[in-house]
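Worksheet: the structure to be examined is printed underneath.
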Amino acid sequence: AQTVTQSQPEMSVQEAETVTLSCTYDTSESNYYLFWYKQPPSRQMILVIRQEAYKQQNATENRFSVNFQKAAKSFSLKISDSQLGDTAMYFCAFTPGSNYKLTFGKGTLLTVNP
Amino acid sequence: SQTIHQWPATLVQPVGSPLSLECTVEGTSNPNLYWYRQAAGRGLQLLFYSIGIGQISSEVPQNLSASRPQDRQFILSSKKLLLSDSGFYLCAWAREAEAFFGQGTRLTVV
């Protein structure tokens, strides 16, 4: 069974600064995908960024980037130039390539302060 | 483009009453479909997933059941709700390992 661990229940950052959210996972699968989802107060789940395990290059989406360390089974999310609208719960998620079952971490509540 | 509809948005039901939450997907065929529950604003727990009509996998033993009567329709049901069934329920579909979520249903059992 796969597990996803987010060790930071809550974090805060000042507007315009950079913050990194941590995530580790455990799996015996060789082919898998990793994701970061954002859940704002509206509770709509929004995909922030995805990473295929077979790709060595770290994914980047505008101000969001990941540090994917496959051997260490680590998948952290860096948010640059934080904005007030980034305030949300962030979930790290894992899915094997075989069945697309998503396993989520417990989430990190990020607050961006003005 | 693909869209996912989930209803109702909120629901208050008495203990012992039945439940039916519906989810439909448009713009795609034979999607993988999922029901998740989120308790106390924290992590999402996978309840059921389906890879095709009539094919349902249950991830956790519970008071709930799921059905997929049509290719793009996924229903979460209960015959008798418990207080512990309260929570936020999310339907999702997946394509190429990427999941897309509905707006969610906040269920309160009183």
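No lab work stands behind these numbers, since they all come straight from the coordinates. Predicted model, so just to flag it, every value in this text is computed and none were measured. Here Cβ is always computed from backbone atoms with ideal geometry, including for glycine, and neighbour counts include all displayed protein chains.
In percent, rounded to a whole number, the relative contact order of chain A is 37, using alpha-carbon pairs under 8 Å and six or more apart.
Convert each backbone phi in the stretch A:79-86 into a coupling constant with the Karplus relation 6.51 cos²θ - 1.76 cosθ + 1.60 (shift: θ = phi - 60°), then list the ³J(HN,Hα) values in order as whole Hz, x for Gly and Pro. Going residue by residue, I get 10, 9, 6, 3, 10, 4, x, 7 Hz, with x marking Gly and Pro.
The H on the amide N of A:Met11, modeled in the peptide plane, is under 5 Å from the matching H of A:Leu109, A:Leu110, A:Thr111, each at least 5 residues off or on a different chain. Take every pair of alpha-carbon atoms less than 8 Å apart whose residues are at least six positions apart; their mean separation over the length of the stretch A:20-87 yields a relative contact order of 33 percent.
3J(HN,Hα) couplings calculated from phi for the stretch B:61-74 with the Karplus curve 6.51 cos²θ - 1.76 cosθ + 1.60 (θ = phi - 60°) are, in sequence order, x, 5, 8, 10, 9, 9, 9, 9, x, 9, 4, 10, 10, 9 Hz; Gly and Pro show x. Each label point was placed 7 Å from the Cα along the Cα-to-Cβ direction; for A:Lys78 and A:Lys106 their separation is 2.7 nm.
Summary value for chain B: 36 percent relative contact order, contacts being C-alpha pairs under 8 angstrom separated by 6+ residues. Sequence-ordered 3J(HN,Hα) estimates for the stretch A:30-42 from the Karplus curve with 6.51, -1.76 and 1.60 and θ = phi - 60° stand at 9, 10, 7, 10, 10, 9, 10, 10, 10, 10, x, x, 5 Hz, glycine and proline given as x. What shape does chain A take by its C-alpha gyration tensor, where a ≥ b ≥ c are the square roots of the eigenvalues and a/c under 1.5 counts as rounded, a/b above b/c as prolate, and the rest as oblate? It comes out prolate by the Cα gyration axes.
Indicate, rounded to the nearest 5 percent, the antiparallel portion of the DSSP beta bridges found entirely in chain A. Counting DSSP beta bridges with both partners in chain A, the antiparallel share is about 85 percent. Here the mean projected area of the convex hull built on the C-alpha positions of the protein assembly as shown is 12.4 nm². Listing B:Lys80, A:Lys78 from fewest to most neighbouring C-beta atoms within 10 Å gives B:Lys80, A:Lys78.
For A:Val66, nonlocal amide neighbours, meaning residues 5 or more places apart or on other chains whose placed amide H falls under 5 Å from its own, are A:Ala59, A:Lys78. The spacing between the stretch B:69-101 and the stretch A:47-104, judged by their C-alpha centroids, is 24 Å.
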